[in-house]
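Each reported figure results from applying straightforward, stated rules to the coordinates on display, with no laboratory input. Every value quoted in this text rests on a predicted model; they were computed, and no experiment measured them. Because the Cβ atoms are built from the backbone with ideal geometry, glycine has one as well, and the counts that use them run over all protein chains shown.
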Amino acid sequence: MNRFENWFCASSFWRNMTRKQVIPWLLSGTELGEHVLELGAGPGAATEELRKHAARVTSLEYSHAFAVGLARRGLSPNGMVLQGDASALPFPEKTFSAAIAVLVLHHLTSRESQERAFAEIFRVLRPGGVFLAIEIPDGWLRRIAHIRSTFVPVAPASASGRLEAVGFSSVCIDFLRGAYRLRALRPRNADHS
């Protein structure tokens with residue numbers, strides 16, 4: 001991420017917006033179950049709020065500095081923070097009841113990295129588990145905001161097919177003010193391993 005993104009994601013404005021608008025929209029109509037995987041936790045704008053909705057939250061962050069900073073904050077006891085890569089998850093299969101990615105997928109370095117992440121998320125979800133993500137579509141303003149940063153947008157039109165290709169079902173996409181929400185399920189009878 002670039003300096004602007006680092007500053008913005010750590011700002012009280014983004015933390016409040018995440019708590020009051022982003023997380024309620026993301027979780028609307030969804031039961032998370034007892035163990036949630038938060039992908040790309042960053043400085044933790046969503047972390048504490050997610051910990052209010054599940055018995056356990058494991059937060060994974062690629063940046064060593066963000067992971068250490070978030071772990072040192074001593075948030076609620078029902079969570080843990082690890083450094084890691086969303087395209088190579090360090091967890092056994094069928095570990096989590098839900099996986100959540102808030103503005104993370106477009107920071108993966110390539111479409112292939114995104115495909116690996118989708119397969120990994122599917123692998124670590126239990127049958128019946130849900131994957132939720134909020135993303136932004138491509139556009140010139142978003143490209144400017146991501147100068148000197150990775151920006152590989154996930155096109156909403158192709159998202160369903162990409163998620164279904166790794167085994168997800170019931171893929172749903174909703175739009176709200178320049179962002180969209182992905183919701184996909186690992187089928188209860190899924191036999192992908």
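If you place +1 on the Cβ of every Lys and Arg and -1 on the Cβ of every Asp and Glu, how big does the dipole about the Cα centre of the stretch 1-105 come out, in debye to the nearest 20? Display every interim value, and only then the final one.
Working: 10 positive and 9 negative charges, 74 e Å.
Computed about the Cα centre, the dipole is about 360 debye.
Quick check on the chain: helices-only [θ] at 222 nm, where DSSP H runs of length 4 and up contribute -39,500 (n - 2.57) each and the sum goes over total residues. Nearest 500, please. Could you put the intermediate results ahead of the total?
On the way: 8 runs with 62 residues, N = 193.
Helix contribution divided over all residues of the chain: -8500 deg cm²/dmol.
Test of understanding: express the Cα radius of gyration of the stretch 89-140 as a ratio to 2.2 N^0.38 Å, with N the residue count.
Numbers: Rg = 11.9 Å, N = 52, 2.2 N^0.38 = 9.9 Å.
Here the answer is 1.20, to two decimals.
Taking a ≥ b ≥ c as the square roots of the Cα gyration tensor eigenvalues, with a/c under 1.5 meaning rounded and otherwise prolate when a/b beats b/c, else oblate, which class fits the stretch 1-90?
Note, shape of the stretch 1-90 comes out oblate.
Which order do the peptides 167-177, 96-106, 59-69 come out in when sorted by mean C-beta neighbours inside 10 angstrom, highest first? Mind dumping the intermediate values first?
Values: 167-177: 14.4, 96-106: 24.2, 59-69: 18.5.
Top of the packing list down: 96-106, 59-69, 167-177.
If packing is taken as the average number of other Cβ atoms within 10 Å across a peptide's residues, how do 78-84, 41-47, 135-141 rank, most packed first? The partial results should precede the final answer.
Values: 78-84: 16.9, 41-47: 24.6, 135-141: 13.3.
Packing order, densest peptide first, comes out as 41-47, 78-84, 135-141.
For the stretch 3-185, restrict the atom set to alpha-carbon positions and state the Rg and Dmax in Å.
Rg, Dmax (Cα atoms, Å): 15.0, 41.
Against the globular-protein guess of 2.2 N^0.38 Å, express the Cα radius of gyration of the stretch 80-193 as a ratio, rounded to two decimals.
Working: Rg = 14.0 Å, N = 114, 2.2 N^0.38 = 13.3 Å.
Output field value: 1.05.
Could you give the size of the charge dipole of the stretch 3-185 about its Cα centre, using +1 on the Cβ of each K and R and -1 on the Cβ of each D and E, expressed in debye and rounded to the nearest 20?
On the way: 21 positive and 16 negative charges, 94 e Å.
Dipole magnitude for the stretch 3-185 comes out near 440 debye.
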